[in-house]
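Following: one structure in structure tokens, then a few remarks.
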Amino acid sequence: MDIFTHSVFGALLYILFLKAVTFEYIIIAIFFSFLPDLDIFLFPLKRIFKSNYLEHRGGSHSYVVGIIISAILNIFFSIFRNKSFLIAWIIGSAFYGLHVSMDLLTTTKIPYLYPLSKKEYSFYVEKAGSSFTFMLSLIFLIILLVMYHNSASLSLFVSVINFYTYFYLFYYLYRIIAKIWINLHLKDNQKYFPGVLPFYFTIFEYDITPDGVSLCIEKKSHFLTSKVIYKNHSVLELEEMILFKKAIELCNQHYYYAKWTVLPIFFRENGIFSVRFFFLETMVRGRTHYIQFNFDTDTQQYIDSNQGYGHITS
């Protein structure tokens, strides 16, 4: 999720549950609500330590790391601000954990118990970096600024804050229930993907056999008729199936790409067999990121790869 949504939702929950007890610690809550996403500044360290967990949504997105970081930072906070370390540590850990929990709802896996466990998981309830929640959070901030500039009454401020708080809670609850209900009715070879808007979702159906691959992406709605975005059956020769498996292995060597669900499309031209993997987690309106692996059909050797963004039928 985006930094606006993390910050806004963190502040709203703090006001809802803790304002009467420790309102003076709200800055701590908001800061730790978006702190894990500051891991984008750790990328230079990856080149030194060669660790994938220094990537964005890597080791920083862990409940365990949150507890440790909250303890370290709040030692200094409690000393310089003369505040209770225990309260600051608990609040920092809780709202750092809130960030991790919200990102667990998205379609990008995170190592939520690192370093105790390197297992990565996601609930596929919300799109990562959802433009819908981003716009909601941005509109909320603009409304507050306009109200503040026009000296709106305190009761109006409270009404707007309460509306947004309960809207977010209902929104994520609806997303969770909808995903669980739909999953109960899926086949073993089908997978659910949330849409940008809460009433839309996508079902990916795949079937890999010894001689080919059958794929289907269907856009659905809770209220409207479904629409097939992509449907195809590719017949592969034995040598091509071997190269397809090699391409999967190469794709899984990438930390981020190994997290995502791939839709393979095959190209044959001038003695080159290419496997293009489209990533369904980042798909919007049938367009998404992809990586393509190229092989020499005569030598069966890997040649090179290239990346891009485009429509899955191209």
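Checking the conditions here, which among PRO194, PRO198 is out of contact with any strand residue (DSSP E or B) (no Cβ under 8 Å at 6 or more places or on another chain), buried (at least 16 other Cβ atoms within 10 Å of the Cβ) and not hydrophobic (A, V, I, L, M, F, W, C)? So that I can check it myself, show each step before the final result.
On the way: PRO194 fails: out of contact with any strand residue (DSSP E or B) (no Cβ under 8 Å at 6 or more places or on another chain).
Result: PRO198 is the single residue among PRO194, PRO198 that is out of contact with any strand residue (DSSP E or B) (no Cβ under 8 Å at 6 or more places or on another chain), buried (at least 16 other Cβ atoms within 10 Å of the Cβ) and not hydrophobic (A, V, I, L, M, F, W, C).
What is the residue count in the stretch 154-178 for residues that are of a type in the set (Ser, Thr, Tyr) and surrounded by 13 or more Cβ atoms within 10 Å (Cβ to Cβ)? Before the answer, list the steps.
We begin by selecting, within the stretch 154-178, every residue of a type in the set (Ser, Thr, Tyr); these are 155, 159, 164-166, 168, 171-172, 174.
Add one more test, that the residue is surrounded by 13 or more Cβ atoms within 10 Å (Cβ to Cβ), and what stays is 164-165, 168, 171-172, 174.
The number of residues fulfilling the criteria is 6.
Can you tell me which of LEU243, LEU263 is under 15 Å from GLY212 (Cα atoms) and in a helix (DSSP H, G or I)?
LEU243
Scanning the stretch 208-230 for residues that are under 18 Å from PHE278 (Cα atoms), surrounded by 12 or more Cβ atoms within 10 Å (Cβ to Cβ) and in contact (Cβ under 8 Å) with a residue 12 or more places away in the chain gives GLY212, VAL213, SER214, LEU215, CYS216, ILE217, GLU218, LYS219, ILE229, TYR230.
For the subset of the stretch 26-68 comprising residues that are of a type in the set (Lys, Arg) and touching an Asp or Glu at 6+ places or on another chain (Cβ under 8 Å), which member is surrounded by the fewest Cβ atoms within 10 Å (Cβ to Cβ)? Don't jump to the end; show me each part of the working.
So the first thing to find is which residues in the stretch 26-68 are of a type in the set (Lys, Arg), and the list is 46-47, 50, 57.
Now restrict to residues that are touching an Asp or Glu at 6+ places or on another chain (Cβ under 8 Å): 46, 57.
Working: LYS46: 15, ARG57: 23.
Step by step, filter the stretch 26-68, then rank; the result is LYS46.
So, ALA71, is that one out of contact with any Lys or Arg (no Cβ under 8 Å at 6 or more places or on another chain), within 23 Å of SER117 (Cβ to Cβ) and hydrophobic (A, V, I, L, M, F, W, C) or not? Here the answer is yes, as ALA71 does meet what is asked. Being part of a helix (DSSP H, G or I), in contact (Cβ under 8 Å) with a residue 24 or more places away in the chain, within 20 Å of the chain's Cα centre (by Cα) and not assigned by TED's automatic domain parsing to the domain that holds GLU281 is the requirement here; does PHE32 meet it? Answer is yes for this residue. Of the residues PHE49, PHE43, the single one that is in contact (Cβ under 8 Å) with a residue 12 or more places away in the chain and over 20 Å from THR5 (Cα atoms) is PHE43. Once the stretch 105-145 is narrowed to residues that are closer than 17 Å to PHE4 by Cα and under 11 Å from the mean Cα position of the chain (by Cα), the residue that is surrounded by the most Cβ atoms within 10 Å (Cβ to Cβ) is GLU126.
Only residues that are within 17 Å of ARG175 (Cβ to Cβ) and assigned to a loop (DSSP other than H, G, I, E, B) were counted across the stretch 198-224, and they come to 4.
The values are calculated or read from the model by the stated rules, or taken from the named source; none is laboratory data. Here the structure is a predicted model, which is why all the values come from computation and not from measurement. Every residue, glycine among them, receives a Cβ derived from its backbone with ideal geometry; neighbour counts consider all protein chains shown.
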